[in-house]
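As structure tokens, the structure follows; a few thoughts come after it.
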Amino acid sequence: MTALHIFDMDGTLLRGTTAATEISRRVGGLEALADLERGFAAQEITAAEFAVATHTLWGEVTGELVAEVVAAAPWIEGIEEVCRDIAARGEHSMLITMSPDFFAGHLLERGIEVVRASAWPPVPFAAPIDPAGILNPADKVRLAADELAARGLPRSACVAYGDSMSDGPLFAFLENTVAVNADVALERSARVAYRGGDLREAYARGRVLLDAARGRGSSAPGGATAPVRGPFVGVSAVVVRDGRVLFGRRLGSLGRGTWGFPGGKVDAGEDPARAVRRELLEETGLAARALEAIGWTSDVIPSSGEHFITLHHLVSATGDPAVLERDKVESWRWFAWDALPDPVFAPAASLIATGWRPA
């Protein structure tokens with residue numbers, strides 16, 4: 001299945017700034033813009049009223065000036081590379097921003113496939129703003145839903161990347177969300193978060209979310225829907241040694257062909273920590289020396305429809321892992337956390353998607 005990646009612009013692709021700020025900086029209107037932004041933040045003016053006021057403020061803006069501002073703006077690194085990777089996978093990229101279309105449209109040159117922005121008159125301005133063409137936060141949901149419907153995609157096949165509460169409605173609408181250098185409120189509502197200057201890193205987190213979402217689906221072979229059973233309680237042993245983590249290539253019906261941690265089901269009445277030690281020993285011959293609970297994840301395995309709550313544990317162990325259950329695991333290998341195998345078993349992918357990583 002293909003996928004849709006939706007990016008915000010101001011504060012997300014534009015690092016620490018907005019289109020309005022960069023344009024106003026060039027025309028000498030930063031002080032007036034700051035007053036408008038305070039009013040908008042306090043909900044004293046609407047997005048349309050903000051646009052009408054900035055339209056007046058930017059009366060002398062030309063296409064050449066906009067192009068210069070776009071070229072000099074502090075864009076996050078890796079936009080072109082991310083867009084190329086999305087296209088190479090047969091997936092789609094989309095920008096939804098409340099900022100003017102005459103600015104946002106330049107992102108098409110960087111590889112964004114679809115741009116949806118507030119409709120402004122062409123520059124230099126010879127016509128007034130039409131308030132009906134100015135987007136608000138709720139419009140982001142409408143535009144995302146329209147694009148998904150046009151491409152025949154479910155919400156689970158979409159990832160949103162944003163930074164502020166203007167992305168809040170979209171983050172509430174979608175299950176796969178990446179907060180990028182975001183304010184505290186949006187970061188709390190996001191599935192995962194990224195802080196830094198490279199979109200490729202944020203995109204990598206989005207890809208993990210997509211992998212996990214695909215693993216949670218319940219479509220059986222042939223397009224039928226497998227009935228969901230459970231939930232069952234499972235455990236995983238995240239064995240870390242010299243900065244590398246142990247993964248096994250699975251052979252059983254649960255996630256065949258994917259790479260996962262050692263682990264399995266918790267027996268009735270069994271303590272989870274004891275289950276971790278037992279599963280690790282049975283599958284690899286390794287004896288756990290120390291355990292530390294990491295967290296839990298919730299996944300539906302598509303091949304079986306089984307719903308697993310997996311309790312993940314950080315484990316230290318000595319010795320070399322052996323393949324002791326040949327009907328379940330093909331091989332054990334050590335991987336650096338930044339160079340993990342593909343594809344990853346759904347519970348492991350969900351843990352990765354939380355942003356956890358070994359120290």
Fill in the blank from the handout: Debye calc, one equal point scatterer per Cα of the stretch 226-353, no solvent, log10 I(q)/I(0) at q = 0.15, 0.16, 0.18, 0.20 1/Å comes to -0.63, -0.72, -0.94, -1.19
Fill in the blank from the handout: With a Förster distance of 56 angstrom and the Cβ-Cβ distance between Ala150 and Arg289, calculated FRET efficiency to the nearest 0.05 equals 0.55
Fill in the blank from the handout: Computed from every Cα-Cα pair in the chain, P(r) in 20 Å bins starting at 0 and rounded to whole percents is 27, 47, 22, 4
Completion exercise
Taking 0.36 nm per residue of separation between Ala273 and Asp320 and subtracting their Cα-Cα distance, the length gained on full extension comes to 14.8 nm
Practice task
Starting from the coordinates of the alpha-carbon atoms of the stretch 63-105, obtain the Kirkwood hydrodynamic radius over all distinct pairs and give the value in Å to one decimal.
Solution key: 12.2 Å
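Throughout, read-outs are computed from the coordinates displayed, never taken from laboratory work. Keep in mind that this is a model prediction, so the values were computed, not measured. Positions of Cβ are generated from backbone atoms using ideal geometry, with glycine treated the same way; all protein chains shown enter the neighbour counts.
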